[in-house]
Amino acid sequence: MSDEAQTVSIEITINGSRYQREVEPRLLLVEFIREEVGLTGTHIGCDTSYCGACTVILDGEPIKSCTLFAVQADGGEVITVEGLEQNDELHPIQQAFSQHHGLQCGFCTPGMLMSSLALLAENPTPSEKEIRKQLGGNLCRCTGYQNIIKAVQDAAKTMQEG
Amino acid sequence: MLTGLGETAKPLAGGQTLIPILKLRMDEPSDLVDIARLPDLHYMDDNDGVIRIGALATHGRIGKSDISKVVPILGDCANGIADAQVRSMGTIGGSVSAADPSCDWPALLHVLNAEIICQGEKGRRAVPIREFIQDSYTTALIGAELVTEIRFKTPPANSGGAYIGFKKAAPAYPAASAGIQLSLAEGSVCQDVSLVLGAAGPRPVTSVEAENYLRGKTLTADRLEQAAEILLDASDPPADSRGSSEFKRAMLKSIFLKAAFRAIERAGGERIEGGPEYV
């Protein structure tokens, strides 16, 4: 059975919409999101499970979508960076990244935002150390991280007040 | 199903070791069988002096569990593996089965003298971790056997442990790691002790001689340093992109001693934070 080009029918909910597709078992989740569904906000950075640019939320937990086959996420619920904005309003985390210059080239930003979202869902008042630990799996080659940390701290505050 | 597909098929749990290996073309299994949805292998319990962890429990769940509060060395390991994203998917059973010399769980489980429960067509068997990990990427699993559970004795109340992985960044594998679990009687006398060095050879490095050197003795800095030297003599850290052998030996000694002092404090009832150290 190994040499046949077989496909599998899977259904994944992304940002509240269901996507049913026939895919090759080897297709990565990030490829499903970008190429099958056309949501290109999720980036492929290193493709080696290192940089975190491809981070999305799967069933409530942050994961690297380049290190998961789409079939593994069958039946699951995914949130990508496109799912943050609601009713034309940026999510407080997006606003904070914008206000605090938490990005420069922006390539790592979708992953940073999704990791920050996972952190604040679990721990609404993280210390600076906890933010640094949670974002340890997201690399940024521009900012030096200081403004990213500030942005997450500010977003936490806004979301607490909100 | 795995038996039917033959030896070229591989089980896929969280995929955090296997998928990068496939991308690097370091292995070419004919088929992958997704075992992550097998029911009832995600449990963690602590009953009658035995801690049992289902093979599909993720690093993240283990790190955040009550069991890691009771046995802090587990949290040191689980919460220090790679990053939050990898910890969401990666499983303890997968890590043990991969037997990567740099993986944290195989080393850590040597400290706890864990048993690995393997299940195959012919039934279940318990294999001590020291026999389970045979060489780099080589385990005692036969044919289509799967690891289903990891179990070890709950450390006694006067016991403390610590595990430190030394790495250049969160997503990286450790360049070196060290773990120790010890129980203390009055006056810092060591009743029992178990030691390990990780990423220091093809399989986790232990030394009965070093353990005997500490057992029954008062734990002074000098004695711990001597034990570290004995343990280091048994190690063979490979020179690679993470550092030279000499550098790794220096780091192994440093983190071993740091872990030992942390373990002593914890054995004394101190609740102190642990986890990896970064370059």
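The values are calculated or read from the model by the stated rules, or taken from the named source; none is laboratory data. For clarity, every value in this text was computed on a predicted model and none was experimentally measured. Reconstructed Cβ throughout: ideal geometry from the backbone, glycine too, with neighbour counts over all protein chains shown. SASA here: full protein model, heavy atoms, side chains in, ligands and nucleic acids out. Shrake-Rupley method; radii C 1.70, N 1.55, O 1.52, S 1.80 Å.
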Worksheet item: B:T139's amide H: which non-local residues (gap 5+, or another chain) put their own amide H closer than 5 Å, with H modeled 1.01 Å from N in plane and none for Pro or chain starts?
Response: B:Q134
Discussion item. What's the whole-number percent of alpha carbon pairs in the range B:31-129 lying beyond 21 angstrom?
Written reply: 29
Worksheet entry | Formal net charge of residues neighbouring A:L39 (Cβ-Cβ distance under 15 Å; K, R +1; D, E -1) | -3
Discussion item. Need the per-residue list for the range A:123-162: every residue with at least 50 Å² less accessible surface in the complex of protein chains than in the chain by itself, probe 1.4 Å, sorted by number.
Written reply: A:K133
Practice prompt. Could you sort the residues of the range B:87-102 by number and keep only those whose accessible area is reduced by 50 Å² or more in the all-protein-chain setting relative to the chain alone, 1.4 Å probe?
Written response: B:S88, B:M89
Response to the item:
Over all pairs of different Cα atoms in chain A, the reciprocal of the mean inverse distance gives a Kirkwood radius in Å of 16.2
Worksheet item: With all protein chains present, how much of the accessible area of the protein assembly as shown (probe radius 1.4 Å) comes from carbon and sulfur, to the nearest whole percent?
Response: 48
Worksheet item: Using a 1.4 angstrom probe with every protein chain in place, what is the largest-first accessible-area order of A:E161, A:E24?
Response: A:E161, A:E24
Worksheet item: What does the helix-only formula give at 222 nm for the protein assembly as shown: each DSSP H stretch with n ≥ 4 adding -39500 (n - 2.57), the total divided by the residues, and the result rounded to the nearest 500 deg cm²/dmol?
Response: -9000 deg cm²/dmol
Worksheet item: With a 1.4 Å probe, how much accessible area is buried between chains B and A, both sides summed, in Å² to the nearest hundred?
Response: 2200
Item to complete: Consider all pairwise Cα distances in the range B:149-210 and report the whole-number % of them above 12 Å.
Response: 74
Discussion item. Below 8 Å between Cα atoms, with a sequence gap of 6+, how large is the relative contact order for chain A in percent?
Written reply: 23
Discussion item. Relative contact order for the range B:2-153: what percent, with Cα pairs under 8 Å and sequence separation of 6 or more?
Written reply: 23
Fill in: Distribution of pairwise C-alpha distances over the range A:92-161, 10 Å bins, in %
24, 63, 13, 0
Practice prompt. First measure r as the distance between the Cβ atoms of B:T138 and B:V50, then evaluate 1/(1 + (r/R0)^6) with R0 = 30 Å and state the FRET efficiency to the nearest 0.05.
Written response: 0.65
Worksheet item: Any idea what the relative contact order of the range B:159-278 is, in percent, if you count C-alpha pairs under 8 Å spaced at least 6 apart?
Response: 36
Item to complete: May I ask you to list the trypsin sites (Lys or Arg not before Pro) in the range B:22-116 that are in a DSSP loop and have at most 10 other Cβ atoms within 10 Å of their Cβ?
Response: B:R25, B:R37
Discussion item. On alpha carbon coordinates alone, what is the Rg over Rh value for chain B, Rh being the Kirkwood radius?
Written reply: 0.96
